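Worksheet for the structure shown next.
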Amino acid sequence: MASGNLFSKTTQALFYNYKQLPIQRMLDFDFLCGRETPSVAGIINPGSEGFQKLFFGQEEIAIPVHATIEAACTAHPTADVFINFASYRSAAASSMAALKQPTIRVAAIIAEGVPEADTKQLIAYARANNKVILGPATVGGVQAGAFKIGDTAGTLDNIIQCKLYRPGSVGFVSKSGGMSNEMYNTIARVTDGIYEGIAIGGDVFPGSTLSDHVLRFNNIPQVKMIVVLGELGGRDEYSLVEALKQGKINKPVVAWVSGTCATLFKSEVQFGHAGAKSGGEMESAQAKNQALRESGAVVPTSYEAFESAIKETFDKLGEEGKITPIKEVTPPQIPEDLKTAIKSGKVRAPTHIISTISDDRGDEPCYGGVKMSSIIEKGLGVGDVISLLWFKRSLPRYCTRFIEMCIMLCADHGPCVSGAHNTIVTARAGKDLVSSLVSGLLTIGPRFGGAIDDAARYFKDAYDRGLTPYEFVESMKKKGIRVPGIGHRIKSRDNRDKRVELLQKYARENFPNVKYMEYAVQVETYTLSKANNLVLNVDGAIGSLFLDLLAGSGLFTKPEIDEIVEIGYLNGLFVLARSIGLIGHTFDQKRLKQPLYRHPWEDVLYTK
């Protein structure tokens, strides 16, 4: 391994398995360091392509998303770091695929628990091809003022406190990612900060060793001293001992191996990392600390004294003139995310949507303030759900039963009506369900199914003003307006619409008052004196009866009733009901595998 810097201020990475927070933290670090280009060149999300929006300072940027490692490497040939956030199940395969790309130089494997046999294969391949692996089970690494991997160094506050936005003089390497964050802080308190920090990972077989990075730090001119934090278990630290004894390292090394407390336990102890397990005296923290001390490293008597040892070593280098004081810089202010600022109470932001009928923020959705589980447990029906979502209150059972009757009775009226015809033609043209449904719904209007609101509006106005049926019908005639809810192409005085009869019968038996319906019946009596087919149709029946439902329930004020009619609630009932039939016609045509419909010539009048 040896060589020198792993990263620079122009280093770019490919991020495998999209995770919003660690990528945003990398980009925020870039901005903090004054980088001109984002450190994340592309994202690899298997099976997905496109872009992900993230922030680079105040600017919102779109980072390309690629479906494969090969495609990403081809699209971003200068990105030579592969940051792998895959799970332990797929981390090895994806890491090997990346290492085999000629453009990838460093791979950081975040997952812990990667099978050891797979890790050994990765290590062998990397060493044979002069590539570097950080991990498995690593948080990554950072070059101060230049580049960082994922969640390395934690929050922005910690990064600023540790002065990682500009380079220092200390090279640091550890097995632990969590302790790395702590040590960056410690080093910043007693020195001019780190130049580069690496967490090699806590698994039994790390992709690179402590000594690999110490030898590399020794070749970097900007690194003036080296700090190492090891741990009990394994024999990695002994390769560092040998390097020190052989004189391969000519910079001061301050080291500590944690886990000295293991001797207090009677049995073998497994600490947090898979590799933090003492397998014998040689692998104990005490033995490693002693070996490092004897080889020339500065080793304190305890972890508590580690900070003082680092300070003394740094101060001595300063006295010897080997360290040039670093000019402090003020890092730029990272814009705070709106969501975070709102949560902390720093800003107020207007909402973009108002909703009063439902709420999905709790443990379960609520309809009109009623929990969904309560609706099911109480055995409520579709009519009750409509009452909650449309009328924002629980209506009496006779009201919700009437709503359900309207839906059932208006669900379909055969294949020949305009809505069903349109849906059938569209379905036979090979269109999908939604397209076929919408083509039928678009025919609903003043001439087909959309007269319920108008019927309710005109009947209510006439009744409330005290007009007789004669005055009402004749005034409409003078205005050139057909009476909505009156008239049918098939039904007549002698062939009544069964749907109308059923609704009227139910209302007379269950509604407290049916004054509007009775008025509509009186209007029908007058219109039938003019023509045999001017009967009260289902639109007129529903329109008038809904007025009785709203007025008779005692739950609505007069302005509320007027608003319900004006907005179009009653036509909404027909749209909802007829959607059932239109969907049925779509499925029917597709099930029958009907061919494209072409209207017959003989049914068209061709004329000039």
Out of all the residues in segment 13-34, which are part of a loop (DSSP other than H, G, I, E, B) and under 18 Å from residue 81 (Cα atoms)? 17, 18, 19
Filtering segment 334-368 down to residues that are part of a loop (DSSP other than H, G, I, E, B), in contact (Cβ under 8 Å) with a residue 12 or more places away in the chain and over 30 Å from residue 156 (Cα atoms), which residue is most open to solvent (accessible area, probe 1.4 Å)? 356
What do you reckon, is residue 407 open to solvent by 90 Å² or more (accessible area, probe 1.4 Å), farther than 30 Å from residue 155 by Cα and either touching a helix residue (DSSP H, G or I) at 6+ places or on another chain (Cβ under 6 Å) or modelled with pLDDT under 95 (or both)? no
Does at least one position in segment 35-52 carry a residue that is open to solvent by 50 Å² or more (accessible area, probe 1.4 Å) and either in contact (Cβ under 8 Å) with a residue 60 or more places away in the chain or part of a helix (DSSP H, G or I) (or both)? no
Segment 12-34: number of residues that are open to solvent by 10 Å² or more (accessible area, probe 1.4 Å), over 19 Å from residue 336 (Cβ atoms) and among the aromatic types (Phe, Trp, Tyr): 2
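Is at least one residue of segment 476-496 under 20 Å from residue 414 (Cα atoms) and in contact with a Gly (Cβ under 7 Å, 6 or more places away or on another chain)?
Taking every residue of segment 476-496 in turn, at least one turns out to be under 20 Å from residue 414 (Cα atoms) and in contact with a Gly (Cβ under 7 Å, 6 or more places away or on another chain).
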Residue check: is residue 447 of a type in the set (Lys, Arg) and loosely packed, with under 14 Cβ neighbours inside 10 Å? yes
Of the conditions (1) modelled with pLDDT of 95 or more; (2) buried (at least 19 other Cβ atoms within 10 Å of the Cβ); (3) under 51 Å from the mean Cα position of the chain (by Cα), the single one that residue 455 does not satisfy is (1)
If the Cβ limit is 7 Å and pairs must be 6+ apart or interchain, which residue in segment 470-482 that is farther than 11 Å from residue 458 by Cα pairs with which residue that is part of a helix (DSSP H, G or I)? 470/526
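Which one of these is in contact (Cβ under 8 Å) with a residue 12 or more places away in the chain and either within 21 Å of residue 149 (Cβ to Cβ) or not small (Gly, Ala, Ser) (or both): 207, 233, 259? Break it down stepwise before answering.
Numbers: 233 fails: either within 21 Å of residue 149 (Cβ to Cβ) or not small (Gly, Ala, Ser) (or both); 259 fails: either within 21 Å of residue 149 (Cβ to Cβ) or not small (Gly, Ala, Ser) (or both).
Of 207, 233, 259, the one residue that is in contact (Cβ under 8 Å) with a residue 12 or more places away in the chain and either within 21 Å of residue 149 (Cβ to Cβ) or not small (Gly, Ala, Ser) (or both) is 207.
Residues that are closer than 30 Å to residue 396 by Cβ and touching a Cys at 6+ places or on another chain (Cβ under 9 Å): list the helices (runs of 4 or more DSSP H) wholly contained in segment 511-608 that include at least 1 such residues.
Details: elements: 515-528, 538-552, 558-567, 569-591.
The qualifying helices (runs of 4 or more DSSP H) are 538-552, 569-591.
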Under 7 Å by Cβ, and 6 or more places apart or on different chains, what pairs join a residue from segment 282-301 that is surrounded by fewer than 18 Cβ atoms within 10 Å (Cβ to Cβ) with one that is assigned to a loop (DSSP other than H, G, I, E, B)? 282/235; 293/299
Within segment 458-479, work out how many residues are part of a loop (DSSP other than H, G, I, E, B) and open to solvent by 70 Å² or more (accessible area, probe 1.4 Å). 1
Identify, please: which residue in segment 395-413 is of a type in the set (A, V, I, L, M, F, W, C) and in a loop (DSSP other than H, G, I, E, B) and is, among those, farthest from residue 551 (Cα to Cα)? 411
Test residue 310 against the criterion of being assigned to a loop (DSSP other than H, G, I, E, B), in contact (Cβ under 8 Å) with a residue 24 or more places away in the chain, closer than 30 Å to residue 188 by Cα and over 21 Å from the mean Cα position of the chain (by Cα), and give yes or no. no
Filter segment 480-513 down to the residues that are surrounded by fewer than 19 Cβ atoms within 10 Å (Cβ to Cβ), among the aliphatic types (A, V, I, L, M) and at pLDDT below 95 and list them by number. 481, 490
So how many residues does segment 189-213 have that are farther than 22 Å from residue 242 by Cβ, outside any strand (DSSP E or B) and open to solvent by less than 10 Å² (accessible area, probe 1.4 Å)? 2
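Just one of 545, 570, 549 is open to solvent by less than 10 Å² (accessible area, probe 1.4 Å), closer than 16 Å to residue 405 by Cβ and modelled with pLDDT under 95; which is it?
Result: 570 is the single residue among 545, 570, 549 that is open to solvent by less than 10 Å² (accessible area, probe 1.4 Å), closer than 16 Å to residue 405 by Cβ and modelled with pLDDT under 95.
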Out of (1) charged (D, E, K, R); (2) part of a helix (DSSP H, G or I); (3) surrounded by fewer than 15 Cβ atoms within 10 Å (Cβ to Cβ), what's the single condition that is false for residue 392? (2)
Sort out which residues of segment 428-444 are in a helix (DSSP H, G or I) and of a type in the set (D, E, K, R), and write them in order of number. 428
Please go through segment 144-193 and give me each residue that is more than 14 Å from residue 25 (Cβ to Cβ), modelled with pLDDT under 95 and small (Gly, Ala, Ser), ordered by number. 176, 178, 180
Matching residues in segment 214-227 - criterion: being open to solvent by less than 20 Å² (accessible area, probe 1.4 Å) and assigned to a loop (DSSP other than H, G, I, E, B): 220, 223
Report the residue count in segment 152-164 for those that are of a type outside the set (S, T, N, Q), open to solvent by 10 Å² or more (accessible area, probe 1.4 Å) and in a helix (DSSP H, G or I). 3
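The values are calculated or read from the model by the stated rules, or taken from the named source; none is laboratory data. All of these numbers come straight from a predicted model, not from anything done at the bench. Virtual Cβ from ideal backbone geometry, glycine too; neighbours counted across all protein chains shown. What goes into the accessible areas is simple: the full protein's heavy atoms, side chains included, and nothing from ligands, DNA or RNA. Shrake-Rupley method; radii C 1.70, N 1.55, O 1.52, S 1.80 Å.
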